[in-house]
1. State which stretch of chain B is the longest one without any exposed GluC sites (Glu not before Pro), exposure meaning a DSSP loop state and at most 15 other Cβ atoms within 10 Å.
2. Tell me, what ³J(HN,Hα) does each residue in segment B:554-570 have, in order and in whole Hz, if you take phi through Karplus 6.51 cos²θ - 1.76 cosθ + 1.60 with θ = phi - 60° and put x for Gly and Pro?
3. Exceeding 32 Å between C-alpha atoms, which entries from my cross-link table qualify? They are B:Lys332/B:Lys451; B:Lys329/B:Lys349; B:Lys428/B:Lys724; B:Lys363/B:Lys514; B:Lys224/B:Lys270.
4. Report the FRET efficiency, 1/(1 + (r/R0)^6), for B:Glu301 and B:Arg555, where r is their Cβ-Cβ distance and R0 is 56 Å, rounded to 0.05.
5. Work out from phi, with θ = phi - 60° and the Karplus expression 6.51 cos²θ - 1.76 cosθ + 1.60, the ³J(HN,Hα) of each residue of segment B:480-485, listed in order in whole Hz, and give x for Gly and Pro.
6. Determine the percent antiparallel among the DSSP beta bridges restricted to segment B:599-785, to the nearest 5.
7. Skipping prolines and chain starts, which residues have an amide H placed within reach, meaning under 5 Å, of the one on B:Tyr614, given they are 5 or more residues away or on another chain?
8. Which cross-chain or sequence-distant (5 or more) residues have an amide H under 5 Å from the amide H of B:Gly665, H modelled 1.01 Å from N in plane?
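The values are calculated or read from the model by the stated rules, or taken from the named source; none is laboratory data. Everything numeric in this text was worked out from a predicted model, so none of it was measured. Please note: Cβ atoms are built from the backbone with ideal geometry, for glycine as well, and neighbour counts cover all protein chains shown. Side chains included, ligands, DNA and RNA excluded: accessible areas come from the protein's heavy atoms. Shrake-Rupley method; radii C 1.70, N 1.55, O 1.52, S 1.80 Å.
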Amino acid sequence: MSSPGRSWPSPAPWQPSADVYRTRDGWVLKFDLAGVRADEVTVSIRGRRVCVSGVRRDTVVEEGCSYYAMEISYNRFERYLDMPADLENARVTIEAQDGLLTVRMSTEGNEYV
Amino acid sequence: MSEQPVVYELPVLPLKNAVLFPYLVMPLSAGRPASIAAVEAALASESKEVLVFTQRDGDVDVPTQDELYAIGTKAVIRKMSRSEEGHLELLVMGMERVAMVKLDHSEPFLKARVAPLPLPEDTSSELEALQGALIDLAGEALTLAQPNAPQELRGLLVANDDPLRLSFVLASMFSLDAVKSQSVLEAPSRAEALRLLHKYLTHEVQVLELRNKITSEARSEMNKEQREYMLRQQMRAIQQELGDKGGEQAEADQLRERLDKADLPEEILKEATRELNRLAKLPPGAPDYNVIRTYLDYVLELPWRKGTEDSLDIARARRVLDEDHFGLKDVKERILEHLGVLKLNPDAKAPILCFVGAPGVGKTSLGQSIARALNRKFERLSLGGLHDEAELRGHRRTYIGALPGRVLQAMRRAGANNPVLMLDEVDKLGHDFRGDPAAALLEILDPEQNKTFRDNYLDLPFDLSKVLFVTTANALDTIPAPLLDRMELLRLSGYSEEEKLQIAKRYLLPRQLKETGLTVERCSIPDATVRKIISGYTREAGVRQLERAIGRAARKIALRYAENQDLAACTIQPDDLIEMFGPEPFTQEQARRELPPGVSTGLAWTEAGGDVLYIEATLLPDGKGLTLTGQLGEVMQESAKAAQSYLWSHAGDFDIAPSLFKDAGVHVHVPAGAIPKDGPSAGVTMATALASLYSKLPARSDLAMTGEITLTGLVLPIGGVKEKVLAARRAGLQSVILPKGNQKDLRDLPEEVRNEMKFLFAERIEDVLRAAIPQLGDRMSRVKMRPAA
């Protein structure tokens, strides 16, 4: 878990769409991140801000084929979400399935909240 | 997160006329084969990265390293599609600023080795101030460029707290040109970037302000026209809603209906229909619309064929003429003659009459009377002082405010094509550089030409041949000969005292009494009083002064009644006139009782009638020559010389010593000295005065004379006999010597004058002298009877 070190980070070319759910014991964030390997995604929480960043690589590139059209964005992505509560001490589980990245944050039993 | 090596190589996408900034997304179109190849190469890579450099010259297709700016932007292609022309439509996002190390020209696309050039990160208080100023300026520019821009756009600017990013957003938002954008991209510090942008935006704001001013001016001008157009459309819509046709359409229809009903000659109808068709095509606002409308109105109102029916009852006509005017036998006869002709030949050409006479003799009212006698319309137009031909003939329709001439206007007023048209004061026509109205009259008054009189305005032939033209004039010498030639002259000479008395009793007195509200019972003016007014208070050929004097007397009586209701009927006696009017302003040149030698009685014609004229001559012992005084004209001076020469050459016949002519001068004076006199008719009077002077014998005082003499002693006829005789009678002279040639003119005299006066007709000067100086006559007989010398 790290945040960009520079004061003005080089911008990310694209941002994935996200759904935010409220659950009984916390929050569920769902990111549209098809074609992104789970190990290349970084989720960082700093106070109320949740940041999801990573890289989507174009794995279909092969010799002798060329693009006719391109609508999916590649290269780095970065998505910030400002949540209504401090989530720094929440328990976080990350799960990637069917092109969706699900981030569960549970504050249950968190004595500070 | 992948770390880029310090120097890396990527395909190059050269841009024409645009700069891609870091952080910003921009649509691009790649059409050049090298660009397409570069994009395809970039897409084939995992990262989809490409280098975007701006060309210094937008016209170069394959730029060299020098032709590209050295600083560019690394970008990621986010989307790509192909257009129908085979171009690649891209959406790219700027990532970081890079500096070119080396451009590689290898086929099929350009590649470059670049090193990242991190954006400056300086901070200062100046920077903050600049940032604030720039946001304000940008807000202003945004308002000017897009007054309807959503408020959020401004908010976006303020939210952009990074100064550099703000600069980039603004530079692309205001579409700064490539050179300016590139300088912002290359800025070595944030402050520099802001300063540059501030400069560019200030310029932009000025341009926008100017542009807004121009468009708002143009718009306000257009608005006015649009407004009028809208109102007109609305009006039309309202008219349609009300079931009216459009105003102009209704008008055209109305005119067409009138045209169909009007009895126009074929040629006129054709022309009018043509004009009407033109009118129907014009919008009512067109300047020609009203011109054509007025024209058509005129055409329709003119009496092309309409005439009144003449009353051919000669007895009635005679009665009417006699009712209105006393005397004037010749004129009345002429009118009745024409009536007789009309009875036999209804298409007879109307005569063109010219009444000549002194003011107030009734020329104008006679015209009205003729119209009444014939039962025709009467129109009168005064030509006095008219000096523009266009007044008679009209202006051409091309002039603004053009109207037909007065002749056609009179015809329109008359509403008939056969009125009595009186052209008053034809002798007082003026003429100047604008033309000679007399010349225009030539056409109007010529029966051969006026059948197709063309007015300049109408430009259609109008038939004036049925019009009975009557012109009036005081004198003939100012009327051009060709015009005079076209008219039939009828002289209205002055009235005699007797005639004036009759006119006063029959017309003037009743009229004035009526106007003052008196009745004959209340106020009577006996003949003697009228005579006194005629002779003592007026001097004229006509009766205007007489009428005014009677009116004045009547008013004075009316005042008396107004002040004292119980006043008994009153009669104005001749002696009352002095009290009413004061002393007589005119004393008739009363016959002098006894004439000394050298004085003779002559007669003169004046515009106000005739007058008695004394010619006085005296000898100037040891003087020389002939002195003439009394404002005598050249002709009169010459006749004096002729008279003297005749007497000199015949001195023996008159028993006058010829030495008298040689040794003494003569002075001839004709009172009243202030009035200019001219004409030959005083010849016999001069001769008589001189003969009386040289023979020292007085001339008869009860006898007046007139006549021109020649050097051989002949007496020639003269004009104005009637006036002269009447003047002699007024002065109390009983005898008049007239030239033999004037014997026929006695017919003109009223009968009572003819009976009362004694006339002597002279053929030679001897006849005159014998009658005028009886003693000289005796002497002449003696000389003749002497045994042959």
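1. Result, exposed sites excluded: B:122-308.
2. Working through the residues one at a time gives 5, 5, 5, 5, 4, 5, 4, 5, 5, 7, 9, 4, 7, 4, 6, 3, 10 Hz.
3. Numbers: B:Lys332/B:Lys451 27 Å; B:Lys329/B:Lys349 23 Å; B:Lys428/B:Lys724 26 Å; B:Lys363/B:Lys514 23 Å; B:Lys224/B:Lys270 41 Å.
Over 32 Å Cα-Cα: B:Lys224/B:Lys270.
4. 0.85
5. Per-residue couplings from phi come out as x, 4, x, 6, 4, 4 Hz.
6. On the way: 17 of 31 bridges.
For segment B:599-785, the DSSP antiparallel bridge percentage is about 55.
7. Here the answer is B:Gly602, since their amide H atoms fall under 5 Å of that of B:Tyr614.
8. B:Leu620, B:Asp622, B:Gly623, B:Lys624
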